[in-house]
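Comments concern the structure below.
FYI, it's all coordinate maths here, none of it is from the lab. Every value quoted in this text rests on a predicted model; they were computed, and no experiment measured them. For neighbour counting, all protein chains shown are included, and Cβ atoms are generated from backbone atoms with ideal geometry for every residue, glycine included.
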Amino acid sequence: MKVTETRLKGCFVIEPALFEDDRGYFMESFNQKKFDSILSRPVTFVQDNQSFSKKGVVRALHYQIGEHAQAKLVMVLQGVVLDVVVDLRKDSSTFGEHIALELSYENKKQLFVPRGFAHGFVVLSDTAHFFYKCDNNYNASSEGGIIYNDNTLGIDWKLPGKDLFLSKKDKLLPTLENARL
């Protein structure tokens, strides 16, 4: 397993070891003991989520605040997405900065998104199955979000705006400046 911390402290790219032969492949997608050693602290996941989306679907930029904040371990089971995280930790030197990373079935990369980050993705392939683990249960009253095209964030979603599809709810999200943090 190869683990690389991104420039956003606490956010890691994880590349599982892949064992391939003429039958196919095997990989260990999650191991609690190894994962805890990567972070140097225990993280207990309590909820798994999956989504299926078509090309151009943007599911972004979401987070939970307060006692219901969530850390996530995300991966793609089929297809390709551009995964984006934004640092919302006000005391962080990278507050308001983001990283974007292609996650795909082919590259098998995973991204650990710590608490205090907004997360989202856009589907770049015809379809994608997206899977993620959360370390806290969803709580609707603690939900927050930032509009995907906030100019202060400068995120390149890799597809023209006319080809992006958002939920009604996501179209109404505030900018970072006006977000409930």
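Of Lys54/Lys109; Lys90/Lys168; Lys108/Lys171, which ones are farther than 26 Å apart at the Cα?
Going by Cα-Cα distance, Lys90/Lys168; Lys108/Lys171 fall outside the 26 Å limit.
If we count other beta carbons within 10 Å of each Cβ, what is the order of Met27, Met75, fewest first? Please report the intermediate quantities before stating the final value.
Values: Met27 12, Met75 23.
Ordered by Cβ neighbours within 10 Å, fewest first: Met27, Met75.
Just the Cα atoms of region 44-178: what Rg and Dmax do they give in Å?
13.9, 40
Determine the gain in length on full extension of the stretch Lys54-Leu18; use 0.36 nm per residue of separation and subtract their C-alpha separation, reporting nm with one decimal.
Working: separation 36, 0.36 × 36 = 12.96 nm, distance 2.72 nm.
So the chain would gain 10.2 nm between Lys54 and Leu18.
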